[in-house]
Amino acid sequence: MSELASEPQSQREIQATVATFIRESNSGTVLLDSGAELSFDAKAFARSGLRMFRLGQRVVLRVVGGQVVAITHICFPLH
């Protein structure tokens, strides 16, 4: 996460793999291709329009100031 935290107000769209998904809270973690782990919350997940993620699923996410603000399936547009 330190690589993203060093860019406080930058906005990035990056690919990752779902590492955990907690259906009850619609939150979880992803692993970036660099090996770094990021958490996402229900608000970021809600922007996906999906019902759930599966472990190992490829996703694209928008990171602002080191936080995931949007996440969705890699084939869908990011809102």
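Remarks
- Filtering the stretch 27-61 to residues that are of a type in the set (S, T, Y), in contact with a strand residue (DSSP E or B) (Cβ under 6 Å, 6 or more places away or on another chain) and modelled with pLDDT under 95 leaves only S48.
- Selected residue [part of a strand (DSSP E or B) and open to solvent by 50 Å² or more (accessible area, probe 1.4 Å)] from L38, L55, L31: L31
- Tally, over the stretch 10-68, of residues that are in contact (Cβ under 8 Å) with a residue 60 or more places away in the chain and in contact with a helix residue (DSSP H, G or I) (Cβ under 7 Å, 6 or more places away or on another chain): 1
- Entry remark, the stretch 65-79: residues being in a strand (DSSP E or B) and either over 18 Å from D33 (Cα atoms) or open to solvent by 70 Å² or more (accessible area, probe 1.4 Å) (or both) number 2 in total.
The values are calculated or read from the model by the stated rules, or taken from the named source; none is laboratory data. Here the structure is a predicted model, which is why all the values come from computation and not from measurement. Using ideal geometry, Cβ is built from the backbone for each residue, glycine included, and neighbour counts are taken over all protein chains shown. When the accessible area is computed, the model is the full protein with side chains, heavy atoms only, and any ligands, DNA or RNA have been set aside. Shrake-Rupley method; radii C 1.70, N 1.55, O 1.52, S 1.80 Å.
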